[in-house]
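Working notes, structure below.
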Amino acid sequence: MLSVALLGSCGGGGGSSGQSAAAGGKSSVTLAWDPVAAPNVAGYRVYYGTSTGIYSQPQGSGLEAGTATTFTAMGLNGGTRYYFAATAYDNTGNESDYSNEVFKDIP
Amino acid sequence: MQTSISTVEKFRQTVLASATVIAALLPMSSAIADQTTGGVNWLDPLAYRKPAFVSITVPSSAVATYYIDGTSGSDGGACSQTSPCKFFANLCGKAGMTGGPVFVYIKGNISSGGNYFYNIANCYGSPGSEIYVRPWPGNTANLVSNGNNVMGGDTPSQTHDWIFDGGPNLGITITVPNDNSKVGIRANANRFTFYRVQITCNNGQGATGIITTAPAVADLKIINSEFYACNSGTGGLQQSAVYMSSDACNGVSSFSNFVFRNNIVRHMGGEGVEINPRRDSAGVIIQGNAFHDIGYNTCNGTWNCRPAITVDSCGGTPSGLQINNNLIWDISASCVWAKAGDIAIYNNTCYDYGKQLNHDGTGGTVAQAVGIAAGNSGNAGNVTTKNNIIFSVVGKNPFDSSSFLTNASNNICGAGKSCGSSSAVWSNSVVLSIAENDANYLKIDGSSAAAGTGVNLFSLGMTLDYAGVPRLSGSGLFDIGAFLVNGGLSAPGNLRVVP
């Protein structure tokens with residue numbers, strides 16, 4: 001399953017799975033990760049920002065990827081480097097630490 | 001914000017990713033549907049900190065099935081569905097009641113009639129073939145004590161092999177009388193299991209919930225049950241949720257292999273659990289329980305404010321004691337008063353203890369306003385404390401000055417306090433939240449001083465955390481306190497941009 005989210009300029013969390021809107025003239029990037037091998041994983045969240053290690057969403061409020069292990073972020077501004085990390089969470093409120101960080105330069 | 005996962009976290013992820021994750025230590029029965037899917041629907045409004053569900057093995061078939069309706073059944077009933085009997089004692093002597101397995105469905109208010117069943121022959125199961133008691137489908141049952149309430153007898157090593165299973169909704173209630181001369185149940189026989197049962201004083205002053213008073217009571221297990229609402233008044237009664245081996249000092253009571261796992265004990269005016277044998281007793285596991293709001297109703301009486309867990313002796317000495325993975329907070333006196341026997345106290349979170357208050361907010365008297373007290377009686381043994389968070393909001397010490405606190409390390413305690421070698425200093429940032437209503441209350445993340453700074457105790461049985469999450473095996477680093485970092489949840493690996 002593929003999750004898609006449009007990155008808003010306000011940087012708040014809560015992007016919805018399956019969102020298909022795309023901003024004109026803006027780009028997207030698709031991320032993937034290995035699943036967490038634990039029976040209590042309820043889903044994943046994606047965090048992003050324009051500086052390494054500094055994400056626009058507070059921890060716990062990342063973009064919702066559901067149980068998918070891929071995520072497409074849309075509406076990225078050209079000429080900008082975006083940094084991404086992912087977390088796993090369970091249904092009792094636990095959220096993992098961040099994954100390794102990756103970046104993408106948007107032309 | 002973290003830019004990348006730490007070395008410790010990378011190691012944790014590697015190990016956990018390869019671990020076989022299990023929810024419980026005990027084998028699971030595939031025959032009982034509510035065992036595999038039911039869990040426990042705790043009553044505690046703070047249930048986001050609920051203990052882990054533990055599966056137990058129960059009989060999958062029976063040689064006989066009986067029914068008890070305590071409200072409208074008959075003392076002379078056949079104990080059938082159409083002619084239910086009234087008391088547990090009515091079962092004794094019926095087919096299958098000499099070795100089991102037998103299914104018993106119960107509903108209504110079941111009176112003890114003085115005793116539930118006392119020194120009655122032909123009233124027992126056997127290991128693996130227990131008398132398995134459950135709520136009558138669609139109903140609940142309430143065990144109403146009105147006497148000595150014995151299940152078993154006074155003879156050493158009586159064998160009964162009964163399992164009381166309230167199901168996911170804790171559908172069997174043991175009502176504790178508000179009379180300190182009585183108790184909820186005297187479990188005076190071998191191999192009783194109370195599983196997913198609620199034990200309550202209904203906001204009364206209460207008495208002790210489950211007690212043993214006979215010689216050589218073996219293998220009492222209390223698992224996934226909830227003790228609550230025994231804290232009305234300040235009359236000084238010293239009721240406990242559980243009291244192992246009550247008797248006159250130097251009397252006859254003793255036990256072996258007591259298991260108290262993954263229960264909630266809350267709003268208890270007296271103690272949570274008291275271990276206090278009159279003869280030598282061996283084997284205590286108090287693991288994975290939540291204790292909160294304990295010991296505030298006895299402060300003005302003889303017994304003073306009380307601890308969450310007491311280990312004492314009054315003639316005999318307990319041995320083989322393990323107090324692990326418990327989440328203990330809001331305690332008027334100590335988290336653990338370890339006055340007797342050799343005791344291992346590992347990976348507990350003991351927070352906001354020693355408050356030394358009556359429930360009305362006035363100051364109370366306390367004998368041990370420290371996190372873990374050892375005392376100095378002749379029966380005291382070596383108390384080992386490792387990987388514990390021990391912090392008093394009101395500044396009380398983590399330990400007393402007992403010479404029996406011999407082996408303390410890798411604990412976290414308040415600034416300026418002493419809690420053994422390789423200890424760390426508490427600050428509020430050790431945990432994610434100190435707000436009781438927060439879902440992250442007393443949990444830790446990878447940036448905590450408790451993360452990866454414990455000593456590895458896997459080989460000593462510390463294989464799970466409070467929530468039932470597997471701890472690192474091998475030589476991996478251990479977290480301090482009851483909770484694993486992030487609930488043991490690993491971060492996703494190998495995040496990558498898809499070309």
For this session: Mind listing whichever residues of segment B:419-435 are farther than 16 Å from B:D352 by Cβ, polar (S, T, N, Q) and either exposed (fewer than 14 other Cβ atoms within 10 Å of the Cβ) or touching a residue at least 24 places away in the same chain (Cβ under 8 Å) (or both)?
Result: B:S421, B:S422, B:S429
Seminar exercise, completed: If we keep only residues of segment B:446-462 that are over 25 Å from the mean Cα position of the chain (by Cα) and buried (at least 22 other Cβ atoms within 10 Å of the Cβ), then the residue farthest from B:N388 (Cα to Cα) is B:S448
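Scan segment B:422-435 for residues that are touching a Phe, Trp or Tyr at 6+ places or on another chain (Cβ under 9 Å), part of a loop (DSSP other than H, G, I, E, B) and over 19 Å from B:S490 (Cα atoms) and jot them down.
Matches in segment B:422-435: B:W426, B:I434, B:A435.
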Problem set entry | Selection within segment A:62-100 - more than 9 Å from chain B (Cβ to nearest Cβ) and either buried (at least 22 other Cβ atoms within 10 Å of the Cβ) or of a type in the set (S, T, N, Q) (or both) | A:G62, A:L63, A:A65, A:T67, A:F71, A:A73, A:N77, A:T80, A:N91
Problem set entry | Members of segment B:116-131 found to be surrounded by fewer than 23 Cβ atoms within 10 Å (Cβ to Cβ), part of a loop (DSSP other than H, G, I, E, B) and more than 25 Å from the chain's Cα centre (by Cα), listed by number | B:N119, B:I120, B:A121, B:N122
Seminar exercise, completed: Residues of segment B:179-192 being more than 18 Å from B:N262 (Cβ to Cβ) and either in contact with a strand residue (DSSP E or B) (Cβ under 7 Å, 6 or more places away or on another chain) or free of Cβ contacts under 8 Å to residues at least 40 places away in the same chain (or both), in sequence order, are B:D179, B:S181, B:K182, B:V183, B:G184, B:I185, B:R186, B:A187, B:N188, B:A189, B:N190, B:R191
Exercise. Can you name the condition, by its number, that B:D438 falls short on among (1) touching a residue at least 12 places away in the same chain (Cβ under 8 Å); (2) within 11 Å of another protein chain (Cβ to nearest Cβ); (3) assigned to a loop (DSSP other than H, G, I, E, B)?
Worked result: (1)
Exercise. If you take the residues of segment A:43-60 that are surrounded by 15 or more Cβ atoms within 10 Å (Cβ to Cβ) and over 15 Å from A:F103 (Cα atoms), which of them is nearest to the other protein chains (Cβ to nearest Cβ)?
Worked result: A:Y44
Problem set entry | Residues satisfying the stated conditions in segment B:66-96, i.e. hydroxyl-bearing (S, T, Y) and under 33 Å from the mean Cα position of the chain (by Cα) | B:Y66, B:Y67, B:T71
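Looking at B:G283, B:G288, B:G361 in this structure, which one is without any contact (Cβ under 8 Å) to a residue 24 or more places away in the chain and either touching a Lys or Arg at 6+ places or on another chain (Cβ under 7 Å) or over 23 Å from B:F399 (Cβ atoms) (or both)?
B:G361
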Problem set entry | Residue ranges of strands (runs of 3 or more DSSP E) in segment B:183-277 with at least 2 members of a type in the set (A, V, I, L, M) and closer than 25 Å to B:P156 by Cα | B:183-188, B:208-212, B:221-223, B:240-244, B:271-275
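Read-outs throughout are calculated quantities, based only on the coordinates presented, and are distinct from any laboratory measurement. Keep in mind the model is a prediction, meaning the values are calculated, not measured. In this analysis, Cβ positions are derived from the backbone assuming ideal geometry, glycine residues included, and neighbour counts consider all displayed protein chains.
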